[in-house]
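Since the structure comes first, as structure tokens, the remarks are kept for the end.
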Amino acid sequence: MEDKSIDTNRSVRPKRSRRQTKQKLIILVIIAVVIYLVVAVISIIRGSLSTTTALSGVLTEDFRADGYVFRDQTVINSPCDGHLECMVSDGDRVSEGQIIGYIYSQRPDGETLKQIKALYKRLIASGISGETTTYSSSGDSGKESVASAIRDMSDLRADRNLTYFAEQKEVISELIKDDSDNAQSVKTADELNAEIDSLNSGAGILQTVKAETGGIFCPRTDGLEDRFEYSKTKDLTPSYLDELDGISPTVSQTVTGGQPLCKIINNYTWCFAANTDKEIADTLKEGQSVKLEFFDLDDNIVPGKISRISQEENGKVTVVVSTNRYVKGIYSVNRINCDIVTVNVEGIKLPVGCLRVKDGVEGVFVVRLDRAKFVPVTVNYKNSEWAIVTPIDDVGNTKLKIYDEVIVDAKSVEDDKIIR
């Protein structure tokens with residue numbers, strides 16, 4: 001009789017072998033897929049793109065400076081002892097020969113002083129056109145004065161002389177205001193002077209003080225005028241400024257004959273000087289344009305140029321910045337602090353890592369239709385973190401635009417490469 005169990009075992013073995021082979025194949029496929037996914041993830045992580053948006057911005061670099069103001073000034077000494085009453089205010093512009101005040105034996109009473117100042121104001125208004133000696137709030141003479149003053153204001157605004165421009169506005173307001181109830185609405189300059197002389201005589205006037213030159217009037221002196229002369233800036237050193245730190249001003253409360261009384265300052269020529277570290281000074285050069293940003297003044301940003309950089313003394317260097325800009329309040333102070341702005345550049349602001357060089361041309365890669373496109377740019381300024389660039393117009397459709405998506409630090413990116 002034939003043994004069938006042997007045949008049964010033979011038929012089972014091939015099935016079992018095929019099943020084991022299939023299982024091994026599945027395991028290998030799973031392993032391959034896992035390896036592929038791991039490699040893909042690693043590749044994505046390593047090759048991932050970081051982008052930024054191209055936006056307008058400003059790159060500013062500055063350093064803090066605590067320094068001194070040096071100015072071209074004329075000190076007026078008092079002709080006698082007494083009490084000074086100024087007819088012009090601190091910071092007003094005066095012309096050569098203009099009356100700036102009167103010295104009395106003692107201070108006049110308030111009403112007399114008020115009348116004198118009112119007449120003086122009308123006297124100044126009478127001479128603004130240079131064509132008439134008549135002050136009037138009405139009539140042809142007054143109209144001509146207003147017309148002339150308006151012409152002067154146009155010239156002043158063109159010259160950016162905003163302080164005197166404001167003064168002329170006040171003068172015009174006086175000229176055109178309604179003065180119909182005033183019986184003395186029309187007076188000659190001689191008549192006004194005669195009234196002032198009469199009042200002064202009764203008040204015990206001793207001397208008339210006139211401006212020896214034109215400029216900005218400052219009624220205070222502090223005994224340090226010679227130390228802050230403009231000519232000193234040619235030889236300033238760190239030790240000289242350190243010496244100034246230890247000197248206190250002396251402001252006299254009385255008027256003494258032969259002693260400084262007030263000063264007239266040439267506002268078109270002044271300097272700011274400060275000591276700074278040599279490391280900062282090494283980044284500067286004479287003739288470089290900068291800006292002075294003052295914290296306590298209305299006109300707080302002033303353009304200027306570095307006119308001098310001194311030799312080093314104990315790691316310090318004196319930097320002198322010259323300017324000819326009028327700044328309200330700067331002429332009556334000696335010491336002041338500010339920021340010296342050395343860089344102020346506007347354009348498209350990007351991380352410096354965006355910049356690439358391709359075929360000798362500097363530019364950036366932007367994302368266009370999921371591809372990387374190289375866009376040439378002009379680099380106006382850059383530091384270790386940021387760059388200010390401007391687009392180049394003659395590069396067709398590849399010109400950099402505001403809101404472009406710019407690739408950051410993608411060293412492996414090539415032009416026209418699909419990145420998404």
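The values are calculated or read from the model by the stated rules, or taken from the named source; none is laboratory data. All values derive from a computational prediction rather than experimental measurement. Positions of Cβ are generated from backbone atoms using ideal geometry, with glycine treated the same way; all protein chains shown enter the neighbour counts. To get the accessible areas, we keep the full protein, side chains included, count just its heavy atoms, and leave off ligands, DNA and RNA. Shrake-Rupley method; radii C 1.70, N 1.55, O 1.52, S 1.80 Å.
Brief remarks follow.
- The stretch between residue 105 and residue 313 holds 69.8 nm of extra length on full extension. This uses 0.36 nm per residue minus the Cα-Cα distance.
- Accessible carbon and sulfur surface of segment 271-420 relative to its total accessible area, %, 1.4 Å: 45
- Modelled FRET efficiency - R0 22 Å, residue 252 with residue 201, Cβ distances, 0.05 increments: 0.20
- Amide H to amide H, with H built 1.01 Å from N, residue 328 comes under 5 Å of 299, counting only residues 5 or more places away or on other chains.
- Between residue 262 and 76, the built amide H atoms are under 5 Å apart, and every one of these is 5 or more places off in sequence or on another chain.
- For segment 283-301 versus segment 263-278, the gap between their alpha-carbon centres in whole angstrom: 11
- A straight chain from residue 237 to residue 325 at 0.36 nm per residue would run longer than the Cα-Cα distance by 29.2 nm.
- From most to least packed by mean Cβ count within 10 Å, the peptides 213-220, 53-60, 291-298, 244-251 give 213-220, 291-298, 53-60, 244-251.
- Accessible area per residue, Å², segment 297-420 with all protein chains present, probe 1.4 Å: 53
- Placing 92, 409 in order of accessible area, with the largest value first and a 1.4 Å probe, yields 409, 92.
- Extension gain, residue 117 back to residue 405 (0.36 nm per residue minus Cα-Cα distance, nm): 97.0 nm
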